[in-house]
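Undergrad: If you scroll down you'll find the structure; I have some questions about it.
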Amino acid sequence: MLERIRKENDIKALEPEELEQLAAEIREFLIEKISKSGGHLASNLGVVELTMAMHLVFDLPQDKIIWDVGHQSYTHKLLTGRKEGFDGLRKYGGMSGFPKRKESACDAFDTGHSSTSISAGLGYVQARDLRGEDYSVVSVIGDGSLTGGMAYEALNNASALDTNFIIVLNDNNMSISENVGGMSKYLAGLRTADFYTGLKKGVTTALHKVPVVGDSMIQKMRKTKSSIKQLVVPGMFFEDMGLTYLGPIPGHDIPVLCRALKEARRMDEPVLLHVITEKGKGYEPAEKHPDKFHGIGPFQIETGEPEMPNNKKDSYTDVFGKVLCDEARNRTEIVAITAAMADGTGLSRFRKLYPKRFFDVGIAEAHGVTFAAGLAAGGVHPVFAVYSSFLQRAYDQMIHDVALQNLPVVLAVDRAGLVGSDGETHQGIFDLSYLSSIPNMTVMSPKNKWELADMLRFALSYQGPIALRYPRGEAYDGYRDFRSPVVFGKSEMVYRESKIAVMSVGHMFEAAAEVRDILKERGYDCTLVNARFVKPIDKEMIDDLCRDHEMIATVEENVQTGGFGEHVMEYASRRGLNVRVLPLALPDEYVEHGSITALREETGINVEAMTEKIINAYRQLAGKNREGERK
């Protein structure tokens, strides 16, 4: 059946009895491909039938399907003719693991972060009606994404519509980790209300038959908040917000799904269709451990075990988690916060050891930051562990609620720098810029695993806002003998020479050290400095370097605008220092998916490219200096 799907809407040519076979073939295809390339498996296996039903009912690309987060869009990509693209899934130059408008007209909106689909869909609906166009808009959102406040802001606005807008709630009781909070408990109650669909349909059908007053009674029932409705309508939360609630319905029954979607499409009002799915369905290892198979590398299909044995050294995340637990043993004021990412941010051990001091706020980074501010104001020392690309969703809260009050909140900024296969929406390449723009905020980044441990201990003793930035992946173990004490605002001199100085930020130190080695081999003197602090920069170190260096090259895995290099350049310019500052950073662009090696090479911050840039710049500088001397 899958061979017959060459483009969008081809699924409509299949006979009803062929759809079950297509679903099985899709699951088999996804398991086979993701076992080789890695990717998001459990979430995609859970929405196969739901995706098929939407493609059967709606006409793409005229109708718009907007996926929240978007890591469950693989079946959608298959049904829109992108089967061949799976060989290059998440590889540099290949197909993205998320919806991309530039990839297909059937991808209505680029996504990658949580809780956005209702807002985007509402915008589409208003644009449609303003332009007098006629198409359906479907926003698919998971129950995990409903822990994000932005979703409620959008629901509140959507309730005022008097036009069709379909919200599909994909309810599998999971985000990445198990869901938490009141909405999770509320939805759990709705899952048990299987009687509701048949009851509501029967009541509505009976009232339709009542002459004259039947239809008006239906409308009144939809709007009333009487105790009778509270008793028989399990979706009262959504109904009270002004949304028509349909469900819950089984999410793996294609005929039922199609009927419900058609009913939702007929209504001239916003409709929420509550669909119950099973994350990882059809592949036993993913059904048993959906969190493990949320985002996974290559694995053995027979066992579900990783293709490569897990014998790697500790990651930066591992080191962070271990040191935090050690410090918390004797310091009861230390608490930890996660935004639905306890495992991903290294807090799972803390959760087990100190459950009363561990807080999962759900997918709600903005709330998490202000919650941390409240904790700090209340006398404890919070550590909010969060991915760099997700922390940017809480910029105002960092300014207004944490830094303005100079509260002792530790931001453990994980996945900083390039993260690879997840692409533009997940690269942590803006944090140095947005964090260093905030008054009272201290920003630091370690060169290796040992310095991460020292910096975390420093941060836990610091009485103000402080961000500790570290990357994804295996922690660098080199230069362990260079471990001078962490002093506020002070960088670390590693090698002192003259002429050229390289100042490195955080995990780029390993590459910077290699650059220095090559420069030495090619006859250039080179000083190597571990910056440590991005804010405040070490002004005394820069003043000192300017006495016997002609050029300072800064190395960072952050966009150039607002980054460390620009801060050094601005300081040197303002002080009138006689030195050339060469920022080696990422271009001010969104960086697509691919391996870290490929992305560094493409963006010009690999060892070879940086070495050549330094040599060329130094030669030009030396030539200008010689010409100036002749004049």
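Undergrad: Taking a 19 Å limit on the Cα-Cα distance, which of the listed pairs K33/K83; K64/K262; K100/K279; K449/K613 fall beyond it?
TA: Pairs exceeding 19 Å: K100/K279; K449/K613.
Undergrad: Semi-axes of the equivalent ellipsoid for the stretch 515-574, please: Cα gyration tensor eigenvalues, times 5, square-rooted, ordered largest first, whole Å.
TA: On the way: eigenvalues 87, 43, 21 Å².
Ellipsoid semi-axes (Å, largest first): 21, 15, 10.
Undergrad: Compute the long axis of helix 195-208 from its Cα atoms, compare it with the longest principal axis of the Cα atoms of the chain, and write down the angle in degrees, 0 to 90, nearest 10.
TA: 50 degrees
Undergrad: While we're on this one: Bin width 10 Å, origin at 0, all Cα-Cα pairs of the stretch 454-581: what percent of pairs per bin?
TA: With 10 Å bins starting at 0, P(r) equals 12, 43, 36, 9, 0.
Undergrad: Now for a different question. Please identify the GluC sites (Glu not before Pro) of the stretch 269-320 that satisfy two criteria: DSSP loop assignment and at most 15 other Cβ atoms within 10 Å. Which are they?
TA: For GluC sites (Glu not before Pro) across the stretch 269-320 that sit outside H, G, I, E and B with at most 15 neighbouring Cβ atoms in 10 Å, the list reads E302, E307.
Undergrad: Still on this structure: What FRET efficiency, computed as 1/(1 + (r/R0)^6) with R0 = 35 Å and r the Cβ-Cβ distance, is obtained for E287 and S595, rounded to the nearest 0.05?
TA: Values: r = 30 Å, r/R0 = 0.86.
Plugging the Cβ-Cβ distance into 1/(1 + (r/R0)^6) gives 0.70.
Undergrad: Tell me, what % of the accessible area of the chain is carbon and sulfur with a 1.4 angstrom probe?
TA: In the chain, the share of accessible area belonging to carbon and sulfur is 51 percent.
Undergrad: Could you list the residues of the stretch 488-531 with an amide nitrogen less than 15 Å from a label point located 7 Å from the Cα of N578 in the Cα-to-C-beta direction?
TA: Residues passing the 15 Å test: 499.
Undergrad: Counting Lys and Arg as +1 and Asp and Glu as -1, each charge on the Cβ, what is the dipole of the chain about the Cα centre in debye, to the nearest 20?
TA: Dipole about the Cα centre, nearest 20: 1080 debye.
Undergrad: Skip the ligands, DNA and RNA, and give the accessible area per residue of the stretch 495-568 with a 1.4 Å probe, whole Å². Before the final figure, lay out each step's value.
TA: On the way: 2330 Å² over 74 residues.
Roughly 31 Å² per residue, with all protein chains present.
Undergrad: Given 0.36 nm per residue, what is the gain on full extension from A127 to K12 after removing their alpha carbon distance, in nm?
TA: Full extension from A127 to K12 adds 38.6 nm.
Undergrad: Restricting attention to the stretch 549-631, which GluC sites (Glu not before Pro) occupy a DSSP loop and are surrounded by at most 13 other Cβ atoms within 10 Å?
TA: Those that pass, being in a loop and sparsely packed, are E589.
Undergrad: A follow-up question, please. Within straight cross-link reach of K288, meaning Cα distance under 18 Å, which aspartates and glutamates are found once same-chain residues fewer than 8 apart are removed?
TA: In chain and number order, the partners are E28, D171, E178, E278, E302, E305, D343.
Undergrad: Let me ask something additional. Please list, by residue number, every one of the chymotrypsin sites (Phe, Trp or Tyr not before Pro) in the stretch 99-163 that is coil in DSSP and has at most 12 other beta-carbon atoms within 10 Å.
TA: The qualifying sites: there are none.
Undergrad: Output ³J(HN,Hα) for the stretch 452-467: one whole-Hz value per residue in order, computed from phi by the Karplus curve 6.51 cos²θ - 1.76 cosθ + 1.60 with θ = phi - 60°, and x for Gly and Pro.
TA: 4, 4, 5, 5, 5, 5, 4, 4, 6, 9, 7, 9, x, x, 8, 10
Undergrad: At 7 Å along the Cα-to-beta-carbon direction for both K102 and H400, put a label point, then send me their distance in nm to one decimal.
TA: Distance between the two pseudo-spin positions: 3.3 nm.
Undergrad: Want the number for E153 to F488: 0.36 nm per residue separation, take away the alpha-carbon distance, what's left?
TA: 116.5 nm
Undergrad: For K539 and D477, what does the FRET efficiency come to when R0 = 30 Å and r is the distance between their Cβ atoms, rounded to the nearest 0.05?
TA: 0.45
Undergrad: Calculate the all-directions average of the projected area of the chain's alpha-carbon convex hull, and give it in nm². Let's see the in-between values first.
TA: On the way: hull surface 131.5 nm².
The number I arrive at for the chain is 32.9 nm².
The values are calculated or read from the model by the stated rules, or taken from the named source; none is laboratory data. Since this is a predicted model, take the numbers as computed values, not measurements. Note that we place each Cβ from the backbone using ideal geometry, even for glycine, and neighbour counts take in every protein chain shown. Just the protein is used for accessible areas: all its heavy atoms, side chains included, with ligands, DNA and RNA removed. Shrake-Rupley method; radii C 1.70, N 1.55, O 1.52, S 1.80 Å.
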